[in-house]
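Below you'll find the structure, written out as structure tokens, and then a few comments.
The values are calculated or read from the model by the stated rules, or taken from the named source; none is laboratory data. For clarity, every value in this text was computed on a predicted model and none was experimentally measured. When we count neighbours, we look across all protein chains shown, and the Cβ atoms used for this are built from the backbone with ideal geometry, even at glycine.
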Amino acid sequence: NQAPFKIAFKVMDKLHQNGFEAYIVGGAVRDYLLQRPVHDVDITTSARPDQVQALFPKTIPVGIEHGTVIVREENTNFEVTTFRSESGYSDYRHPEQVHFETSITEDLKRRDFTMNAIALSIDEEIIDPYNGQIDLKENRLMTVGDPKIRFKEDPLRMLRGLRFISQLGLEMPKELENTCQSLGHLLKNISIERIYQEFTKLLSGEDLQKAFHILLSSHIYEYLPYLENKSIECQQFSHLPLKLLNCDEERWCTLIIQLKVKDITAFCNAWKMSKRKKNWLIRHTGIYERQKNLKWTKESLYLSGLSAALSVERLKKVFQKSSEQTDDDIKALWKSCPIHNRKDLHVNGNDLSTWLNRKPGPWIDKLLTEIEKEVLYERLLNDHEEIRNWVMSFV
Ligand code: ATP
Ligand code: MG
């Protein structure tokens, strides 16, 4: 667990030796203090981006104008960002101006919540000018400075706050909740990509119910695509046993099912999801709708594939659709299938076209489907010659 910290310290050591300050900041310090697993480690430094690039052999300039360079060290990426402050968020996206700063305390001041504004030095000294550790101990979410000012500056912080509540089970003080209520509408100015990222993390939290409660009471949900007008469905969703699910995609599927979304493509487009995500959700909600009240057969299992079937079983459990088949039953059924996808079949479309002396067309897919079914139920052996005889017996 401490491995990424060790490598980060090496990066910081190099910066130090060249006369720069460097600290670990943000989520890594927070999660370390909470004794939670640390994902990525961010570093903040007095070195300018060009100076960082000059010091390390492997760097990626991801946001030079904002002071960020990725340093790759021992197969681990570190976002190294120059001490900075920000001002003028008039487009609600990027600060109009980024000022490089000379001190760590100035850098910590621009950060959203007190628990995210703690730095760890290379001597393992904690720098915590906004008492983030006290707030963490008392389990409350606090902004750095006046929440009205900070949420107006960047309204996404309201949603970030809710996702931290969902992930960490913190309490939101009344003042923050009231501020969310009065400023929630500013979220309409925020790009959907940023909202999507935070909301996906919110969906994964163990305390989602708490976060959804505030999402509803503050009316923030009205600014999320397809959630507006759906307060009852949102509430029902928040009571589902989501911990049974395995991944972000399954959680989004569950939301789509609970909201009774008809046009899933339009839903995914409204959330600006990637093509890959969109296809996943369309496919799995489709299989869920077909299978929710049915037992798996060799045929339905073959068509969806094992991993999709197991995902759909988890969705069924979340919606309390009784299932007579356990995961082990389904895996055994899968194992008993003589083929698992079309590539396993010992004939292909070309063979059919040659044997029957017919131009390729939709008939090929139809006939292959027939053959698959015969082979699956072992009425026909998966053998080139056997299949040929079977096909030719119809002409
Ligand atoms: P996670 O563990 O999910 O990555 P995180 O706290 O590291 O959580 P990031 O989005 O990676 O969250 O941001 C890194 C740090 O940058 C935050 O801890 C916070 O200090 C600062 N930060 C990020 N977004 C904002 C924002 N919108 N306003 C102010 N500070 C921000
Ligand atoms: Mg992070």
Which is among the aliphatic types (A, V, I, L, M) and more than 10 Å from ligand 1 (Cβ to nearest atom), of L156, L162, L108? L162
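Residues are listed down the side, and each one gets a yes or a no for (1) modelled with pLDDT of 95 or more; (2) part of a helix (DSSP H, G or I); (3) under 28 Å from the mean Cα position of the chain (by Cα):
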site	(1), (2), (3)
A308	yes, yes, yes
S311	yes, yes, yes
Q325	no, no, no
K331	yes, yes, yes
V347	yes, no, no
L367	yes, yes, no
R379	yes, no, no
Residue count, segment 33-54, condition surrounded by fewer than 19 Cβ atoms within 10 Å (Cβ to Cβ) and either part of a helix (DSSP H, G or I) or of a type in the set (S, T, N, Q) (or both), comes to 6
Within segment 77-98, identify whether any single residue is over 30 Å from N139 (Cα atoms), at pLDDT 95 or above and within 16 Å of ligand 2 (Cβ to nearest atom), and answer yes or no. yes
Search segment 14-51 for residues being among the hydroxyl-bearing types (S, T, Y) and more than 16 Å from ligand 2 (Cβ to nearest atom), and hand back the single one that is farthest from F100 (Cα to Cα). T45
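What tally of residues in segment 10-49 results from selecting those that are more than 16 Å from ligand 1 (Cβ to nearest atom) and in contact with a strand residue (DSSP E or B) (Cβ under 8 Å, 6 or more places away or on another chain)?
Going through segment 10-49 one residue at a time, the tally reaches 11.
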Would you point out the residue of segment 161-205, among those that are basic (K, R) and either buried (at least 20 other Cβ atoms within 10 Å of the Cβ) or within 16 Å of ligand 2 (Cβ to nearest atom) (or both), that is nearest to the chain's Cα centre (by Cα)? K201
